[in-house]
Amino acid sequence: MSQDAQPTDSKPPGSGTHSIAMLAEMEAWQNLRGEIRQRLTGTITVGVLYLLASLAVGAYLILKVSEVGRDVVVLDHWEPSELPVQWVIKIAWAYAILAAIAIAAYGLLMMWVQGNLPTTASRVMGLIPAIGSTVQMVSAGDFCQSMYQSVADSRTYPDALTVASKDVRDASLRAWLVTSGQRMASGQSLASVLVSAPMRVAPLSAMSAFTPEQLTQEESVRLWHHATSECHLQAQSRLSRAIQVVSVSCLVVSVSIAAFAMLVGTVFMMTLIQGLT
């Protein structure tokens, strides 16, 4: 069993060769979700390292240039005065603050990808372009697989939602599942519950168009199997897009940060040369 498998109190979904096939498929899905989280984590880590490296190099360049002009006396309208260097040092401090923000944001992203953020923070992080949709689709895969296994085990939908609340990692999804199980126990339909899901993903939207309570168990199992499979296919597709967006964005920002530091150094040196001539 992979390290991403979540403990559950559910029993094996059936018996015989069909059960072995189902367990093998669920194991493959769990491994896939773990791989997606790992690749996303690696991409974000490399991107943040690029940003920190550019900030460190830029701040170092700016500080070294400011040392050249420190205590230098220049003529301003034939009046001697010290060359102003404070504005250059402030930019270097701004680079240090940006580095601290980048480190803090990286920590939050890692906690979010692994499902360790509280509900409100998790919902806010879900708004991040590309990364947010990928993590949400992976979380939807957690949910759909848990529902698929519970339906195959002939659990009622309120019980299935309760089990799913223990299987998923995302805090906002867990909170929604707890209340959803209570709503279904009070008589609401599964379709109305799925419509209120905290994430808008196609597989869940498609499931809300059906009335699983009126389907046979075999039909319900087939629907949840299809939804789970679709979640993982879309998660892979969104991962590819997220990797491209994160890689290109971090590269462009890193180059821009380094280029701005060179521009600041050039402007300062030109000011120094003009003051000495």
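The values are calculated or read from the model by the stated rules, or taken from the named source; none is laboratory data. Just so it is clear, the structure is predicted and the values come from calculations on it, not from any experiment. Neighbour counts are summed over all protein chains in view; Cβ atoms, including those assigned to glycine, are modelled from backbone coordinates with ideal geometry. Just so you know, the surface numbers come from the protein's heavy atoms only, side chains and all, with ligands and any DNA or RNA stripped out. Shrake-Rupley method; radii C 1.70, N 1.55, O 1.52, S 1.80 Å.
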**Item:** Matching residues in region 88-122 - criterion: being in contact with a helix residue (DSSP H, G or I) (Cβ under 7 Å, 6 or more places away or on another chain), open to solvent by less than 60 Å² (accessible area, probe 1.4 Å), over 18 Å from Thr43 (Cβ atoms) and at pLDDT 90 or above
**Value:** Tyr95, Ala96, Ala99
**Asked** Within the bounds of region 159-166, is there any residue that is assigned to a loop (DSSP other than H, G, I, E, B) and basic (Lys, Arg)?
**Response** no
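Restricting attention to region 123-141, which residues are in a helix (DSSP H, G or I) and open to solvent by 10 Å² or more (accessible area, probe 1.4 Å)?
Let us first name the residues in region 123-141 that are in a helix (DSSP H, G or I), namely 123-125, 131-141.
The answer is Arg123, Val124, Met125, Ile131, Ser133, Val135, Gln136.
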**Asked** Would region 200-221 turn up any residue that is under 29 Å from Gly47 (Cβ atoms), of a type outside the set (S, T, N, Q) and crowded, with 18+ Cβ neighbours inside 10 Å?
**Response** yes
**Request:** Determine whether region 103-114 contains at least one residue that is in a helix (DSSP H, G or I) and of a type in the set (S, T, N, Q).
**Result:** no
**Prompt:** Only one of Gly181, Gly187 is over 30 Å from Leu49 (Cα atoms), more than 25 Å from the chain's Cα centre (by Cα) and not in a helix (DSSP H, G or I); which?
**Reply:** Gly187
**Message:** Please count how many residues of region 146-158 are part of a loop (DSSP other than H, G, I, E, B) and of a type outside the set (Lys, Arg).
**Reply:** 3
**Item:** Where a residue in region 19-31 is without any contact (Cβ under 8 Å) to a residue 40 or more places away in the chain and its partner, wherever it lies, is acidic (Asp, Glu), with Cβ under 8 Å and at least six apart
**Value:** Asn31/Asp4
**Asked** Does any residue in region 235-254 that is open to solvent by less than 40 Å² (accessible area, probe 1.4 Å) come within less than 6 Å, Cβ to Cβ, of a residue that is hydroxyl-bearing (Ser, Thr, Tyr) six or more places away or on a different chain, and which pairs are these?
**Response** Leu239/Thr134; Ala242/Thr134; Ile243/Thr43; Val246/Thr43; Cys250/Tyr50; Ser254/Tyr50; Ser254/Ser54
